[in-house]
Amino acid sequence: MDKSYTFMHKSLAKGKGCLNCHDPHFSNRLGFLLKKDAPALCLECHNTDKPFFKKKHMNYAVADSNCISCHNPHGSDMKGILYAAAHKPVSEKKCAECHAGPQSKTPLKVKKQGNELCRQCHKDMMDKTFSKNRVHWPLVDNVGCLNCHGPHATKQKKLLKGPVANVCGTCHSDTIELQKLSIDNPKNDKLCEPVKSGNCVICHSPHASDNILLMSKPSSLELCGECHKWQTHSTHPIGEKAIDKRNKNLTVDCLSCHKSCGTGNNPGMMHFASTYEMCIQCHLDRRR
Ligand code: HEC
Ligand code: HEC
Ligand code: HEC
Ligand code: HEC
Ligand code: HEC
Ligand code: HEC
Ligand code: HEC
Ligand code: HEC
Ligand code: HEC
Ligand code: HEC
Ligand code: HEC
């Protein structure tokens, strides 16, 4: 909590300030040293029965809800201290676009299941996504979009449930584990920046792609070449004329020698522990 927001939560300036909610002696489920979890924490000061409170929530009963699935407990630049990445239909209070009406018997029931709920407004984006050659598996399971996105408001941009690498890591723990080893390896003092910062979406399209491995560019020369001048990388032959002896259908590119998604303890993001071991994969005649 290091920011000064346009709208600060008034509780910060009242009573015990930070200690209204935090207690250095308790550690709650979230690990943020909170006295209690939401909603109990919030209900200490907020009366959800007040007509004004109800009206602000479009008469939906939110008393049992996780208030911080919408509100930033400290403050925000958004009205009503909603998290900055607030979904437009939420900040515009169009709850009923997704939920049954507030007077219904099951007001919070969503109108449509899975991706169909999102398709109501994201049809163009979804049509485009599902017409690609490779659609990322979590988009088509029952949970769909909500595998990665929150429906209301989130701390992270683009309504993501957490930092990108954490979201991906819920299913790709092996890949993340290898990347962690690469990051922690002291020999990798100049580790590839998007790998180091967990910026998976520089290299992979999270929804779908026409390229293998959901790659954001059709070839590694284009993908890696965006940041690395491969023409000057080395004098080693690369591209169309250099046929990979291990598989005649492949030509030599960055991925012939480098593994981008974490290589555990190998240096220089190489597939192998030493340069020698790598070179002899293709240059069999040089084997000692
Ligand atoms: C109204 C209750 C409330 C008050 C007052 C409050 N916090 Fe928090 N704080 C929370 C909650 C709830 C979370 C957990 C947020 C989450 O789950 O993302 C949190 C999380 C945090 C975190 C860790 C995550 C982050 O957002 O950075 C820090 C650090 C923090 N609070 C510091 C402070 C400080 C310093 C103050 C006083 C200036 C303060 N808090 C006042 C409720 C409060
Ligand atoms: C120590 C008392 C206290 C606690 C605990 C508390 N609040 Fe508040 N909150 C206030 C006060 C005081 C105001 C300003 C008066 C009002 O709008 O009711 C306020 C205002 C708000 C507002 C309106 C902000 C605006 O700018 O429109 C929201 C939203 C809010 N609180 C959410 C929460 C949430 C979520 C929690 C739990 C994480 C929480 N509050 C816990 C005291 C508290
Ligand atoms: C874009 C669609 C969408 C909109 C708009 C929306 N919701 Fe939701 N809401 C959902 C979905 C989906 C869930 C179920 C979340 C889950 O299962 O993870 C949900 C769950 C909830 C819950 C129960 C879970 C919790 O957070 O504790 C409450 C309460 C809720 N919504 C209130 C509201 C209110 C109030 C509004 C308007 C201010 C609103 N919603 C707007 C999609 C939406
Ligand atoms: C689904 C999202 C959502 C959830 C969940 C939610 N709120 Fe809100 N809340 C909103 C929106 C949207 C507003 C209206 C913001 C505006 O003024 O435009 C609002 C307004 C408020 C206000 C300002 C109105 C007032 O009475 O001063 C308070 C306080 C508040 N919420 C507290 C809470 C508390 C406490 C909880 C949990 C018990 C909670 N909210 C749960 C979306 C949510
Ligand atoms: C009622 C219409 C509506 C529904 C239903 C809806 N959205 Fe949205 N969504 C919007 C609008 C409007 C925007 C803002 C678009 C813009 O600014 O260009 C948006 C933006 C987004 C964004 C981008 C946020 C950003 O910060 O750029 C994501 C992600 C998103 N929606 C996910 C979803 C998911 C997941 C669902 C289904 C649970 C869903 N939406 C359902 C209307 C909707
Ligand atoms: C595997 C995780 C994942 C799933 C599942 C997912 N998204 Fe996303 N989505 C992301 C990530 C990550 C971004 C941010 C991309 C960036 O920052 O470049 C994003 C961005 C978006 C945006 C912002 C515009 C854009 O394309 O950058 C929208 C809108 C969106 N998603 C909607 C959806 C909808 C609708 C679904 C379901 C059909 C869905 N997403 C499913 C991970 C996911
Ligand atoms: C809900 C689980 C889930 C989440 C979250 C998730 N993925 Fe996946 N992903 C999968 C599954 C399942 C596959 C298919 C695995 C297979 O075919 O062996 C897959 C496949 C992939 C592939 C390989 C595609 C191929 O052709 O083999 C890449 C790359 C990938 N995901 C990247 C990501 C990134 C980046 C994120 C975060 C933005 C992410 N995933 C989030 C479940 C997930
Ligand atoms: C968004 C820009 C960006 C992209 C795209 C990118 N890199 Fe990097 N990479 C960097 C930066 C920045 C460094 C650090 C350079 C330094 O510190 O001198 C780096 C470093 C490296 C290193 C040196 C690692 C070490 O430990 O010495 C290798 C190898 C590498 N990248 C390979 C790749 C490959 C292969 C791809 C394509 C799959 C790729 N990079 C895509 C930005 C990028
Ligand atoms: C610098 C570009 C780059 C970044 C950043 C990157 N990847 Fe990859 N990823 C690749 C390439 C290229 C492959 C193909 C195999 C290889 O070289 O490792 C791949 C392969 C994968 C695979 C297939 C299985 C495997 O491990 O080979 C998954 C899953 C995956 N990446 C997920 C992720 C996730 C999750 C992140 C973020 C934490 C991420 N990637 C970041 C370029 C990248
Ligand atoms: C024939 C094998 C081979 C190919 C093909 C290859 N590299 Fe390398 N690369 C190496 C070796 C060996 C090193 C030195 C590794 C070490 O000792 O740390 C290296 C080092 C690097 C470095 C860090 C040092 C530097 O020169 O900046 C980057 C960045 C890099 N490669 C990117 C790429 C990219 C991008 C491609 C594709 C255009 C590529 N490499 C293709 C073998 C290769
Ligand atoms: C993926 C297979 C592959 C790997 C791995 C590989 N090479 Fe090559 N190398 C080739 C191909 C293909 C050529 C083109 C000439 C040929 O067909 O033999 C070549 C040519 C060369 C040449 C001759 C340069 C020229 O201009 O003709 C040298 C020297 C060389 N490689 C060194 C290395 C070294 C050192 C390594 C390890 C860092 C390495 N190679 C790894 C496939 C590979």
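Sticking with the crude label model, points 7 Å out along Cα→Cβ, report the distance from SER104 to LYS155 in nm, one decimal please.
Distance between label points: 3.2 nm.
Over the chain, what relative contact order in percent results from Cα pairs under 8 Å that are six or more residues apart?
12 percent
Heavy atoms only, probe 1.4 angstrom, no DNA, RNA or ligands counted: give me TYR276, TYR5 ranked by accessible area, highest first.
From most exposed to least exposed: TYR276, TYR5.
Excluding residues fewer than 8 places away in the same chain, name every one of the aspartates and glutamates whose C-alpha is closer than 16 Å to that of LYS109.
Reachable aspartates and glutamates: ASP64, GLU97.
Give the dimensionless ratio obtained when the Cα radius of gyration of the chain is divided by 2.2 N^0.38 Å.
Relative to the 2.2 N^0.38 Å estimate, the chain comes out at 1.32.
Hey, any idea what % of the chain's accessible area is carbon plus sulfur with a 1.4 Å probe?
On the chain, the fraction of accessible area on carbon and sulfur atoms equals 59 percent.
Find out how many positive minus negative residues lie around PRO163, taking Lys and Arg as positive, Asp and Glu as negative, among other residues whose Cβ is under 13 Å from that of PRO163.
Summing Lys and Arg as +1 and Asp and Glu as -1 gives +4.
Near ALA273, within a Cβ-to-Cβ distance under 14 Å, what is the net charge of the other residues, with Lys and Arg +1 and Asp and Glu -1?
Spelling it out: positives minus negatives among the neighbours equals +1.
Over 23 Å between C-alpha atoms is what I'm after, so list which of LYS16/LYS158; LYS14/LYS79; LYS105/LYS155; LYS128/LYS155; LYS196/LYS217 land there.
From LYS16/LYS158; LYS14/LYS79; LYS105/LYS155; LYS128/LYS155; LYS196/LYS217, over 23 Å: LYS16/LYS158; LYS105/LYS155; LYS128/LYS155.
What whole-number volume per residue, in cubic angstrom, does the convex hull of the C-alpha atoms of the range 115-166 give?
Roughly 91 Å³ of hull volume per residue.
Report Rg/Rh for the range 107-248, rounded to two decimals, where Rg is the Cα radius of gyration and Rh the Kirkwood radius.
That ratio equals 1.05.
So for the range 7-82, what are the equivalent ellipsoid semi-axes in whole Å, largest first, each being the square root of 5 times an eigenvalue of the Cα gyration tensor?
For the range 7-82, the semi-axes come out at 22, 14, 12 Å.
In a shell of Cβ-Cβ distance under 13 Å around LYS196, excluding LYS196 itself, what net charge do Lys and Arg (+1) and Asp and Glu (-1) give?
Neighbour charge sum, excluding LYS196 itself: -1.
Checking the cross-link filter: which lysines have an alpha carbon closer than 24 Å to that of LYS245, excluding same-chain neighbours under 8 positions apart?
LYS259
Skip the ligands, DNA and RNA, and give the accessible area per residue of the range 7-82 with a 1.4 Å probe, whole Å².
Value returned for the range 7-82: 69 Å² of accessible area per residue.
Can you give me the accessible area per residue for the range 115-166, using a 1.4 Å probe, in Å²?
Result: 67 Å² of accessible area for each residue.
For LYS132, list the aspartates and glutamates whose Cα falls under 19 Å from its own Cα; do not include residues on the same chain fewer than 8 positions away.
Within the straight-line limit of under 19 Å, LYS132 reaches these aspartates and glutamates: GLU116, ASP124, ASP141, ASP210.
Under unit Cβ charges (Lys, Arg +1; Asp, Glu -1), what dipole magnitude, rounded to 20 debye, does the range 172-286 have relative to its Cα centre?
240 debye
Diagonalise the Cα gyration tensor of the range 172-286 and give the resulting equivalent ellipsoid semi-axes, square root of 5 times each eigenvalue, largest first, whole Å.
23, 19, 13
The values are calculated or read from the model by the stated rules, or taken from the named source; none is laboratory data. Everything quoted here is computed from the prediction, not taken from an experiment. Positions of Cβ are generated from backbone atoms using ideal geometry, with glycine treated the same way; all protein chains shown enter the neighbour counts. For accessibility, only protein heavy atoms count, side chains too; no ligands or nucleic acids. Shrake-Rupley method; radii C 1.70, N 1.55, O 1.52, S 1.80 Å.
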